[in-house]
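J.: Pasting a structure here, questions to come.
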Amino acid sequence: MALEAIVAVYADWGIGLKGTQPVVLKADRKHFREVTGGDAVIVGRRTMEDFPGGKPLKGRHNIVVTRQPLAIEGAQVVHSTEEALDAAAEQGRCLVIGGASVYEQFFPWLEKIHITKIDLTPESDRWFPDLDAEADWVCTQQGPWQEEGGIRYCFCTYERQKKTAE
Ligand SMILES: NC(=O)c1ccc[n+]([C@@H]2O[C@H](COP(=O)([O-])OP(=O)(O)OC[C@H]3O[C@@H](n4cnc5c(N)ncnc54)[C@H](OP(=O)(O)O)[C@@H]3O)[C@@H](O)[C@H]2O)c1
């Protein structure tokens with residue numbers, strides 16, 4: 001099963017502080033909507049609580065991971081990685097959208113990651129793996145550096161390199 005992920009990283013690959021993203025760009029929100037729109041997403045319960053109104057995202061099939069016996073309107077609730085993978089297999093394209101614990105657990109299934117690089121280093125307490133330091137991940141597409149409110153950002157795509165037969 002191959003999954004994609006989408007994440008916005010700061011210059012030190014930090015992704016969040018105290019349950020939220022310390023710096024958010026409008027352009028990144030728009031990009032997130034465009035990349036995930038109409039598809040399935042796997043999201044951790046804590047990240048979902050940081051969404052507007054603490055609710056699942058509209059226009060996407062939300063697979064929410066929690067160990068609690070929750071019923072969440074507008075979401076498919078699952079209680080383990082395996083259950084989430086089974087749920088994702090029944091959907092078309094599925095993107096892992098965080099947070100940190102969810103990215104980490106689903107990392108082995110990721111083949112493509114949409115990264116927004118934000119050229120700032122606010123304090124973070126959650127991080128994404130530095131893909132530039134991972135031998136089997138390559139940046140296959142890098143958009144131009146742009147600016148919003150004096151903050152530089154760019155959209156990139158990383159792909160896992162296929163192992164070649166020796
Ligand atoms: N920069 C970005 O693009 C981006 C994107 C998303 C999130 N974030 C940031 O990431 C941070 C949140 O990350 P986080 O690691 O603290 O929380 P998280 O991954 O969003 O959610 C963690 C929760 O998910 C549930 N969970 C995780 N693995 C599970 C499993 N295998 N089985 C069942 N349930 C499981 C548990 O919920 P229960 O406690 O209910 O059992 C756990 O407490 C925030 O700061 C957020 O802003 C950043």
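The values are calculated or read from the model by the stated rules, or taken from the named source; none is laboratory data. Because the structure is predicted, anything quoted here is derived from the model rather than measured. Using ideal geometry, Cβ is built from the backbone for each residue, glycine included, and neighbour counts are taken over all protein chains shown.
J.: Pairs only if they're at least six apart or on different chains, beta carbon under 8 angstrom, first in the range 30-52 and farther than 15 Å from L3 by Cα and small (G, A, S), second part of a helix (DSSP H, G or I) and at pLDDT 95 or above; list them, first residue then second.
T.: Final answer for the pair search is G44/S101; G44/V102.
J.: Just to be sure, is E104 closer than 21 Å to R46 by Cα, at pLDDT 95 or above and over 13 Å from the mean Cα position of the chain (by Cα)? Walk me through it before giving the result.
T.: Working: closer than 21 Å to R46 by Cα: yes; at pLDDT 95 or above: yes; over 13 Å from the mean Cα position of the chain (by Cα): no.
No.
J.: Those residues that are surrounded by 15 or more Cβ atoms within 10 Å (Cβ to Cβ) and either basic (K, R) or within 15 Å of R152 (Cα to Cα) (or both), I need them from the range 1-12; list them, please. Talk me through it step by step, then tell me what you get.
T.: Quick first cut of the range 1-12, residues surrounded by 15 or more Cβ atoms within 10 Å (Cβ to Cβ) only: 3-10.
Scanning the range 1-12 gives A8, V9, Y10.
J.: Mind listing just one residue for me: the one in the range 114-139 that is away from the ligand (no atom under 16 Å from the Cβ) and exposed (fewer than 12 other Cβ atoms within 10 Å of the Cβ) and, of those, nearest to V9 (Cα to Cα)?
T.: Initially, the range 114-139 is screened for residues away from the ligand (no atom under 16 Å from the Cβ), giving 132-139.
If we keep only those that are exposed (fewer than 12 other Cβ atoms within 10 Å of the Cβ) as well, we get 132-133, 135-136.
On the way: D132: 12, A133: 15, A135: 19, D136: 19 Å.
Step by step, filter the range 114-139, then rank; the result is D132.
J.: A further question follows. Can you tell me which residue in the range 25-69 is surrounded by the fewest Cβ atoms within 10 Å (Cβ to Cβ), limited to those that are among the acidic types (D, E) and under 27 Å from G150 (Cβ atoms)?
T.: Step one: of the range 25-69, the residues among the acidic types (D, E) are 28, 34, 39, 49-50.
Filter once more, so that each one left must be under 27 Å from G150 (Cβ atoms): 28, 34, 50.
Values: D28: 18, E34: 9, D50: 16.
Checked the range 25-69; the qualifying residue surrounded by the fewest Cβ atoms within 10 Å (Cβ to Cβ) is E34.
J.: OK, next. Contact list please: Cβ distance under 7 Å, first residue in the range 113-125 and without any contact (Cβ under 8 Å) to a residue 40 or more places away in the chain, second residue not charged (D, E, K, R), pairs at least six apart or on different chains.
T.: none
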